[in-house]
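Novice: This is the structure I have questions about; it appears just below.
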Amino acid sequence: MPLFTFRKSPSNDADAWKTALLTGDIEKALQLENGQMPASLYERLTQSQAHINTALPPNPAPDLLKRLSGLQSHAQKALAQIENTFSEIASRTQEQLTFLSHTRGFLLDSSKSADNIRIEMKQELDQTHHFFTNELSELMVAIHERTEASRSVIDDIDSIGRTVQLLSLNAAIEAAHAGESGKGFAVVAHEIRNLALRTQENARQAYAEMDLSQLRDQLSRLLTSSESRLNELSQGVAQSLTTLHELFDAMSNYIGEIEANNRIIDSGLSIGVAADKHLRNRVQWSQGLLKDMQSVYSKTQLSQQQALFQRLLNEEKIQADPKFDRLESILKKREIRIAIEPQFIGVSFRDAPGQPLKGLDADLAQAFAKSLGVKCVFVEYPWDRCLELLEAGPNRREAEVDLVWSALPPMPGYDSVAFSDPYVFLPYVLAKRTGDDRIKSLQDLKGKVLGCINDPAAISVLEEQGLRWQANRNKPGGRIELSNLLAYNDQSLIHDCLAQGVVDAFAVDLPIYYWACKGETSPWRGKIEVIPGNISSGLWFYCAAVANHPSSYALLKRINRFIGDYRQSKDYQMLLNTWLGQSFNDPNWTFDKGVNQLKDLEPTG
């Protein structure tokens, strides 16, 4: 009896299946045997292969490649952020050079103006000195001449007085000799009369010579002329000082621009550093995953590959089971992981380090977790990258989050994300420093510095309202030209920048500023205020977000049901009063085209 029973007659290519079998490729050997393999061996190998295929999960490569694709997408976004940041820095640096050039020019002009003032003042003072010297010298000569003339007259009077004294003496002697005759006295009397006449004449002359009215008039003209010259000098100095003041004001404005740009550059560098760190995280994760996949593919045994792939899926926290349901998983582990920005004042923030998160979003997320009867675990992450956590965790070997609840406007173009129904409606408002009567509306922002959050939707609204700044100055439709627009990524700066005068006003979602203005423990209370109204054409709304995958359908459906029920409750109204001051609603809301929602997740079949 033969040892093996062949199912067909041997053929010329009998070695092909044997070679494949010797290399360990059982699947290829079964394909090539063409009936030449012994029946018992064929049966054993077929059973073994079937066991491998049923015992091990389907090909895990697509799931791992999807993870790699997600990581690469995150890395590309980080690169784009870095490129945008450095582009902004380059633009601001160019502005710095322009401002510095202008400032240097103003400094040169100021130096020239100062020299001109010095020269003009020296000339004016020299002329004034010369003028006073000449006029006073002439006045002194005139006074000297009048004084000499007065002395001559006084000398004559003195001489007359002496003569009168002698004549008077002679008259007395003659009178004594004459006795009763007194003839000589007549002669003396005649002389005394003549002397009296001469004395009167000389007195009149003395009066005329000593009249200083002309000197008084001359001195008055001198003082008037001096006052006029001094006024001219004062006006010249005042004009020069005004010119200097204007130059210094212009320099101050440019220095203010330089300071604002320095703040943006500093903020941009911080953003670049954070984006670079995030990029390195994603790149290192990708490299590690690729290395592990190469190691798996280096194994020749299919069974080894399958086992290693399964272990890799477990390490990556990837759910490859097509029947996986995220809501069931949450309820089973009694814990829900929610991504949230931890520095959104009024939305999700802490009063002090170590305290639990509070705010509109934090309170609503915890209320949803409570409705499920599970523990709420916040995964704190920067707002502009929270959605990435739906595809991959913060770090390798950390699971992705179950949902994101962090002031998210539903945005088209996010293929990997699906949004819930709105959980709150709100206006987009303008805020200013308390008591700043210069600003009452957007129209008052001309020539001023406006701040906003670096959100494309917010910047788009500002452009639609006709605001223009350095980056969009030439865009048609501009009505209000700002001195500058400062777009902030760091949420911890968006209140201080207004309170401390870095910006003149701030455009922002109402919940992010309402508590800051009104909260009893707010450090900005009494320093900043919201201007009533809505600078957008309609109300905005926030939504929660889940992964755009059928496994999240039940979770998103549960979120929508919670939102619909909770918005009708008293607790919700109390929440709005605390964080918005009032309730807003838009019964005619719709999603923009391209926004994924519940109906897009519904499983097929």
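The values are calculated or read from the model by the stated rules, or taken from the named source; none is laboratory data. Quantities reported herein were computed from a predicted structural model and do not represent experimental measurements. Note that each Cβ is placed from the backbone with ideal geometry, even for glycine, and that neighbours are counted across all protein chains shown. We work out accessible area using only protein heavy atoms, side chains counted, and drop any ligands, DNA or RNA first. Shrake-Rupley method; radii C 1.70, N 1.55, O 1.52, S 1.80 Å.
Novice: Quick check on this structure: which one of 501, 478 is on the phi > 0 side of the Ramachandran plot and open to solvent by less than 50 Å² (accessible area, probe 1.4 Å)?
Specialist: Checking each option against the conditions leaves just 501.
Novice: If you don't mind, another one. Name the single residue, out of those in segment 419-460 being among the β-branched types (Val, Ile, Thr) and part of a strand (DSSP E or B), that is farthest from residue 480 (Cα to Cα).
Specialist: Initially, segment 419-460 is screened for residues among the β-branched types (Val, Ile, Thr), giving 424, 429, 434, 439, 449, 453, 459.
Adding the requirement that they be part of a strand (DSSP E or B) leaves 424, 429, 449, 453.
Details: 424: 31, 429: 17, 449: 12, 453: 19 Å.
So, considering only residues that are among the β-branched types (Val, Ile, Thr) and part of a strand (DSSP E or B), the one farthest from residue 480 (Cα to Cα) is 424.
Novice: What pairs come up if the first residue lies in segment 426-443 and is closer than 14 Å to residue 499 by Cα and hydroxyl-bearing (Ser, Thr, Tyr), the second is open to solvent by 20 Å² or more (accessible area, probe 1.4 Å) and assigned to a loop (DSSP other than H, G, I, E, B), and their beta carbons are under 7 Å apart, counting only those six or more places apart or on different chains?
Specialist: So the pair list comes out as 434/526; 434/527.
Novice: Is segment 504-525 home to any residue that is touching a residue at least 12 places away in the same chain (Cβ under 8 Å) and on the phi > 0 side of the Ramachandran plot?
Specialist: no
Novice: In segment 389-410, how many residues are open to solvent by less than 10 Å² (accessible area, probe 1.4 Å) and over 22 Å from residue 558 (Cα atoms)?
Specialist: Final tally of qualifying residues: 2.
Novice: Here's a follow-up. Quick check: is even one residue across segment 419-428 assigned by the TED database to the domain that holds residue 568, among the charged types (D, E, K, R) and open to solvent by 40 Å² or more (accessible area, probe 1.4 Å)?
Specialist: yes
Novice: What number of residues within segment 375-393 satisfy the criterion of being more than 27 Å from the chain's Cα centre (by Cα), modelled with pLDDT of 95 or more and of a type in the set (D, E, K, R)?
Specialist: Count: 1.
Novice: Criterion first (surrounded by fewer than 18 Cβ atoms within 10 Å (Cβ to Cβ), assigned by the TED database to the domain that holds residue 344 and out of contact with any strand residue (DSSP E or B) (no Cβ under 6 Å at 6 or more places or on another chain)) does residue 565 satisfy it?
Specialist: Yes, satisfied.
Novice: Does residue 353 satisfy being outside the structural domain of residue 388 (by the TED database) and more than 18 Å from residue 574 (Cα to Cα)?
Specialist: no
Novice: Can we say residue 582 is open to solvent by 90 Å² or more (accessible area, probe 1.4 Å), farther than 26 Å from residue 328 by Cβ and in contact with a Leu (Cβ under 9 Å, 6 or more places away or on another chain)?
Specialist: Answer is yes for this residue.
Novice: Also: How about segment 277-374: which helices (runs of 4 or more DSSP H) wholly inside it have at least 2 residues that are within 21 Å of residue 389 (Cβ to Cβ), at pLDDT 95 or above and open to solvent by 60 Å² or more (accessible area, probe 1.4 Å)?
Specialist: Result: 326-333.
Novice: Yes or no: residue 441 modelled with pLDDT under 90 and either under 21 Å from residue 538 (Cα atoms) or open to solvent by 30 Å² or more (accessible area, probe 1.4 Å) (or both)?
Specialist: no
Novice: If you take the residues of segment 450-475 that are touching a Phe, Trp or Tyr at 6+ places or on another chain (Cβ under 9 Å) and among the hydrophobic types (A, V, I, L, M, F, W, C), which of them is surrounded by the fewest Cβ atoms within 10 Å (Cβ to Cβ)?
Specialist: 457
Condition check ((1) free of Cβ contacts under 8 Å to residues at least 24 places away in the same chain; (2) among the charged types (D, E, K, R); (3) in contact with a Gly (Cβ under 6 Å, 6 or more places away or on another chain)) across all residues:
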residue: 350; (1), (2), (3): yes, yes, no
residue: 361; (1), (2), (3): no, yes, no
residue: 368; (1), (2), (3): no, no, no
residue: 373; (1), (2), (3): no, no, no
residue: 376; (1), (2), (3): no, no, no
residue: 391; (1), (2), (3): no, yes, yes
residue: 412; (1), (2), (3): no, no, yes
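Novice: If residue 520 satisfies all but one of (1) farther than 24 Å from residue 344 by Cβ; (2) exposed (fewer than 15 other Cβ atoms within 10 Å of the Cβ); (3) of a type in the set (D, E, K, R), what's the number of the condition it fails?
Specialist: Of (1) farther than 24 Å from residue 344 by Cβ; (2) exposed (fewer than 15 other Cβ atoms within 10 Å of the Cβ); (3) of a type in the set (D, E, K, R), only one is false for residue 520: (1).
Novice: Enumerate the pairs (first residue in segment 575-601 and assigned to a helix (DSSP H, G or I); second residue anywhere and loosely packed, with under 15 Cβ neighbours inside 10 Å) with beta-carbon separation below 7 Å, excluding pairs fewer than 6 apart on the same chain, so at least 6 apart or on different chains.
Specialist: Between residues of segment 575-601 that are assigned to a helix (DSSP H, G or I) and residues that are loosely packed, with under 15 Cβ neighbours inside 10 Å, the close pairs are 576/582; 576/583.
Novice: Answer yes or no as to whether residue 492 is touching a residue at least 12 places away in the same chain (Cβ under 8 Å) and touching an Asp or Glu at 6+ places or on another chain (Cβ under 7 Å).
Specialist: Answer is no for this residue.
Novice: Criterion first (part of a helix (DSSP H, G or I), under 18 Å from residue 398 (Cα atoms) and at pLDDT 70 or above) does residue 236 satisfy it?
Specialist: No.
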